[in-house]
Amino acid sequence: MRTDSIKRAALAALVASATALPVAAVAADSPISANVSIASEYKYRGISQTNRKPALQGGFDYAHASGFYLGTWGSSISWLSDGAANVSSGVELDFYGGYKAKAGPIEFDVGLLQYYYPGTYPAGFTSPDTLEIYAAGSWQMLTLKYSHSLTNLFGFTDSKGSGYIDLSAAFPVGQFTLKAHVGHQTVPATTGRAKSDFSYSDWSVGVATQYAGIDFGLSYIDTNAKTAFFTNAFGKDTGKGTVVLTVGKAF
């Protein structure tokens, strides 16, 4: 992103700090919404962003009645400084905008997403900042989405044109929602690098519920990413399977 007792103490402290954040109240009929959460680990597309440590996260969204929307979301990270010397970057900031519409039982969603990683980087370091275009379709409990990078992907040199496709499902069962996901990240082949080096699949299963206005989620997340290419400077396999707990609140 010890022992179990230290992990629980750290998580409790972060949850306390998250729920104490001064997030403005949002009216129920307002086009603006907000969210804040704490995760035992930040996993994105199955890859650890925080070296198996907790992350504080939150964002704001604006949804117009026409279907157009804008939003921003942020999280603490450590993967950049974990993986390279002379790199200092501890925050991910996402900025996105798009359009949602319905055609019969299917909801469509298209948009642009900019990942921004403020920090200090040595000369010649490939910027991790990434711009993707995406399109998704949802039907009942299923969502299929494809994201395509218009720039290099998260600091991989010559990776423009990378694609990520994922299928997710959510099944309500009483007070719980059962969730499942499978995705595949493709990174183009270049001279001296095989396509399969950084291409991999990820999957997850989990459950979510709400109690006293607080959202809880528990998931198992795993990948088949090659250990040799996804091990950080601390010797941690960032694609290794793990259980992730999230606690959050929407406003």
inquiry  = All but one of (1) farther than 25 Å from Thr231 by Cβ; (2) in contact with a helix residue (DSSP H, G or I) (Cβ under 7 Å, 6 or more places away or on another chain) hold for Phe156; state the number of the condition that does not hold.
reply    = (1)
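Scan the range 74-100 for residues that are aliphatic (A, V, I, L, M), outside any strand (DSSP E or B) and within 17 Å of the chain's Cα centre (by Cα) and jot them down. If you could, list the steps in order and put the result at the bottom.
To start, the set of residues in the range 74-100 that are aliphatic (A, V, I, L, M) comprises 77, 80, 84-85, 87, 91, 93.
With the extra rule that they be outside any strand (DSSP E or B), the set shrinks to 77, 80, 84-85, 87.
Across the range 74-100, the qualifying residues are Ile77, Leu80.
Give the residue, chosen from Lys240, Lys179, that is in a strand (DSSP E or B), over 22 Å from Gly98 (Cα atoms) and of a type in the set (Lys, Arg). I'd like the intermediate steps shown before the answer.
Details: Lys240 fails: in a strand (DSSP E or B).
Just a single option satisfies the conditions, and that option is Lys179.
Please work out if Gln114 is closer than 23 Å to Thr151 by Cα and surrounded by fewer than 17 Cβ atoms within 10 Å (Cβ to Cβ). Let's see the steps before the verdict.
On the way: closer than 23 Å to Thr151 by Cα: yes; surrounded by fewer than 17 Cβ atoms within 10 Å (Cβ to Cβ): yes.
So Gln114 fits the description; yes.
Conditions tested, residue by residue: (1) under 20 Å from Ala212 (Cβ atoms); (2) at pLDDT below 75.
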site: Leu11; (1), (2): yes, yes
site: Ala16; (1), (2): yes, yes
site: Ala39; (1), (2): yes, no
site: Arg45; (1), (2): no, no
site: Ser48; (1), (2): no, no
site: Gly74; (1), (2): no, no
query = Say we look at the range 117-145 and pick out the residues that are charged (D, E, K, R) and touching a Leu at 6+ places or on another chain (Cβ under 9 Å); which of these is surrounded by the most Cβ atoms within 10 Å (Cβ to Cβ)?
reply = Glu132
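Just give me the residues in the range 187-216 being under 29 Å from Phe229 (Cα atoms), in a strand (DSSP E or B) and either at pLDDT 95 or above or among the small types (Gly, Ala, Ser) (or both), in sequence order. Can you show your working first?
From the range 187-216, those under 29 Å from Phe229 (Cα atoms) are 187-206; that's our starting set.
Next, only the ones that are in a strand (DSSP E or B) stay: 190, 193, 200-206.
Tyr200, Ser201, Asp202, Trp203, Ser204, Val205, Gly206 - these are the residues of the range 187-216 that are under 29 Å from Phe229 (Cα atoms), in a strand (DSSP E or B) and either at pLDDT 95 or above or among the small types (Gly, Ala, Ser) (or both).
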request  = Being out of contact with any Lys or Arg (no Cβ under 9 Å at 6 or more places or on another chain) and closer than 23 Å to Thr223 by Cβ is the filter; apply it to the range 54-75 and report the residue that is surrounded by the fewest Cβ atoms within 10 Å (Cβ to Cβ).
outcome  = Trp73
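The values are calculated or read from the model by the stated rules, or taken from the named source; none is laboratory data. These figures come from a predicted structure and were not determined experimentally. Positions of Cβ are generated from backbone atoms using ideal geometry, with glycine treated the same way; all protein chains shown enter the neighbour counts.
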